Structures are given as C-alpha cells and as structure tokens.
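The values are calculated or read from the model by the stated rules, or taken from the named source; none is laboratory data. Computed from a predicted model, the values in this text were never measured in an experiment. With ideal geometry, Cβ positions are generated from the backbone for all residues, glycine too; neighbour counts draw on all protein chains shown.
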Amino acid sequence: MHKPCLHNVVIVGGGPVGSVLALTLQQQHVPFTMLEARAKGASHQDTRALALSYGSRLILEKLDVWPAVEARATAINTIHISQRGGLGRTKLNADEHGLQSLGYVLPYGAITQALDAVLDASSIIYEAEATEIKPGQDTSSVTYSHANTTHTLQTSLCVVADGGRSLGEIEGIHKETKEYGHDALVTKVLAELPHNHIAYERFTPTGPMALLPNGDNDFSLVWTGLQANIHGLLALDDKTFLAQLHQAFGDRVGKFLSIEKRMSFPLKLSVLKPSVAPHLAVIGNAAQTMHPVAGQGFNVGMRDAWTLADLVINTPQAELGSADMLKRYSQQRSRDTRGGILFTDLLVNVFNNDLIGLQAMRGAGLGLLQLLKPAKNLLISKMSFGK
C-alpha cells in the first residue's frame, strides 16, 4: 500500500461527463486527478449514439470542443411526436423557437476522442479501477487498483462520474430504484427515404420508440418494451425484424432496408438521495439514471458537470468539498434533476398505458400541444436547457 497523497479534486470516471468537468477545471487552472478504468483511447471507436441537447452543444462550444465533433454530428431540426393507433401529433421545430437545432446525434467515441485530445494526460491515470470511496469530515479517500498495485488518494473533493460502478454503500446516501420491467433495444437502421433531420418519438402500447437521424439516411433506433417482447425481437432474423419495425412505426421514412447489430439493456429509474456526502459529489448517471424517452439523462449529467465545475472554480481552496459548497451544488441542481426525472417518468406512465379512454385523451393532449406555442416553449426549454 502506497502512502496516501493529497489532491484537490479527484474525478472517478473519464467518460464525457467526467471529462467535461475535468476540462472545465483544466481551462481555469484548477488541479485535478482523473481515474479512468479503461485504457487510453479505448472508447474512441465506440459507435453508440448519444442524443445531445442544444444546451449541451453550448457547453462543448464554451470548452472549444464542438468544432472537433461537429462534422460527425447529425442535427435534429424537428421532433415529430405521435402515438400508434390513435389521433393527435405534435411537431417541434427549431426555427420556430429561435434555435439552430433542437439537438444532435453523434457517436459516443467522437465526443470522448475530442475531449481526450485536449485534456492534460499527466492528470489522468488510465486503467485505474476505483475499489473503495470513503467520505470524511476533512477529506475523502479514494482507493484504486493500477498495474496490480493498490493506491489511495486523499482529496478535498471526490467526484464520482463513472455511472456508479465504483460507488459502494456510503453512510447517509441511499438509492431509490424503480424497475420498469422493460428493456431497450438499440441499433442503427437504414431507411428508404432521407430523414431530413427529423427525429421521431412514437408511443406504442408496448412502449416508446425513438428514431433519431444519424448519418445520411440512417437512424439510431431505441425501441423499448416488455423484456419478453424485446428478447423476442432480438431473436428475429434481420428481414423479419425490419418488417416488424415497419409495421410498428409506419411509412414516414419508407421501408427499412438494413440493420446493424442489435443490443438491449434493462430500463430503470434510480436516484441517489442525497447525491452528496462530506467531500463527495456524485454526478451524471451515477446520481440519477432515467428512462431514455426524451433523451434527458446524458444531458442532465452534462449540466451536473458544468454546474459543479463552476462552484469548484469559485470556491476558496480551504472550503472545497465543504458542507456549504455541496449544499449550494444540490440546491442549484435540484430543480433540473427532479424535473428530468418527473418528466421522463410521466411520459412512460401516460403513454405506456392502455386504459380505456386514455388513448383518446393522449391524442387530444398531443393535438392541443401542437396549437399552444407557450407550452411548446416550455417543453423545448426543458429538453434543451433543463429549465
């Protein structure tokens, strides 16, 4: 066991959320150490699609990272919301709300590569797996394994941004979890017609379905439903799967011509209460994991990182990680995170319910939303900026 070292800020997790926090601190000359479990560059070829809000683009612009990812990003200029088997629909258009776009879709690897390129590698320990995190009244300690050796860091502020993989039981913090009993199937499909930068959110009796423009005529598909149904879809051959997708989605983009590898994961809502402890803050998916409907989770995490970085930069070193600082962080983030959780959970509960009469009410609601610009403004503000 090596002798513990004292560090200002230790960030556990080098994905986009942890890296945005690290880069913001770096640009303001605030020392940090980041622990990343993967090897350097291991995520750069990751083609998983990220749905980036316009507000998250602004964060990347402020960090001068957006130019490095813009060429690989597909803009979402319109969002088309509908329900299968019922009337009523809503269209949200960027130009009607004075925005360049409503969001973007880009590969996970594109954003991690762009962030890695500008982060100071001397502040990052790759292939370092955090094994124990202990908050304390004066400092927090982070124990990690690297090159078959155990190390411990003492830090004024430990930030957990690794999706909670390293977060064990911590006194005063508990996790509330709601299992939806649904899985999400994710893949990429090629459509017959151009997407014209339109994203589709389609609510079906078995669960929400999203088609996000990703490339020329390609879409990233997120199809949620009961676990048994999703497992059945995974077992189909490509031709049969594409036929069932067309039946469920409809003719708006023509036929689906081809499909890439299909994967699935279980859906749940989990929230840490609170997301802070003495000299410890948990951000991103580690603090709150949401249903993917409306693409809120990743963007809430980006705003977590941006808000926390601003507080770290403007807090005297002697008060870093103090109860007062972490209270301010919690207060500043509570409205956004609580709103994102309630918003996504409400959508799932309302649109994934086949009670008699509810379909007509949903259709009426979608039709009314189409006519009410103030309501649309509120929805766009929530989806883009968390406000």
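For the stretch 17-51, name all the residues that are at pLDDT 95 or above and either part of a helix (DSSP H, G or I) or within 15 Å of the chain's Cα centre (by Cα) (or both). V17, G18, S19, V20, L21, A22, L23, T24, L25, Q26, Q27, listed by residue number. Among residues of the stretch 113-134 that are in a helix (DSSP H, G or I) and surrounded by 15 or more Cβ atoms within 10 Å (Cβ to Cβ), those with a beta-carbon under 8 Å from a residue that is of a type in the set (D, E, K, R) and at pLDDT below 95 at least six positions away or on a different chain give the pairs D116/K40.
For the stretch 93-112, a residue qualifies if it is touching a residue at least 24 places away in the same chain (Cβ under 8 Å) and of a type in the set (D, E, K, R), and exactly one does: E96.
Any residue in the stretch 58-68 that is under 22 Å from G386 (Cβ atoms), at pLDDT below 90, surrounded by 15 or more Cβ atoms within 10 Å (Cβ to Cβ) and over 18 Å from the mean Cα position of the chain (by Cα)?
Checked against the condition, which is being under 22 Å from G386 (Cβ atoms), at pLDDT below 90, surrounded by 15 or more Cβ atoms within 10 Å (Cβ to Cβ) and over 18 Å from the mean Cα position of the chain (by Cα), the stretch 58-68 yields no hits at all.
The criterion of being surrounded by 17 or more Cβ atoms within 10 Å (Cβ to Cβ) and assigned to a helix (DSSP H, G or I) does not hold for L221.
Could we say that S141 is surrounded by fewer than 20 Cβ atoms within 10 Å (Cβ to Cβ) and within 26 Å of the chain's Cα centre (by Cα) here? In short, no.
All conditions but one from (1) modelled with pLDDT of 95 or more; (2) within 30 Å of Y329 (Cα to Cα); (3) of a type outside the set (S, T, N, Q); (4) surrounded by fewer than 23 Cβ atoms within 10 Å (Cβ to Cβ) apply to V282; the one that does not is (4).
Based on this model, can you work out whether A110 counts as in contact with a helix residue (DSSP H, G or I) (Cβ under 6 Å, 6 or more places away or on another chain) and either of a type outside the set (S, T, Y) or at positive phi (or both)? Yes. For the stretch 44-54, a residue qualifies if it is within 27 Å of V10 (Cβ to Cβ) and surrounded by fewer than 20 Cβ atoms within 10 Å (Cβ to Cβ), and the qualifying residues are H44, D46, R48. Candidates are the residues of the stretch 159-216 that are outside any strand (DSSP E or B) and polar (S, T, N, Q); the one that is surrounded by the most Cβ atoms within 10 Å (Cβ to Cβ) is N214.
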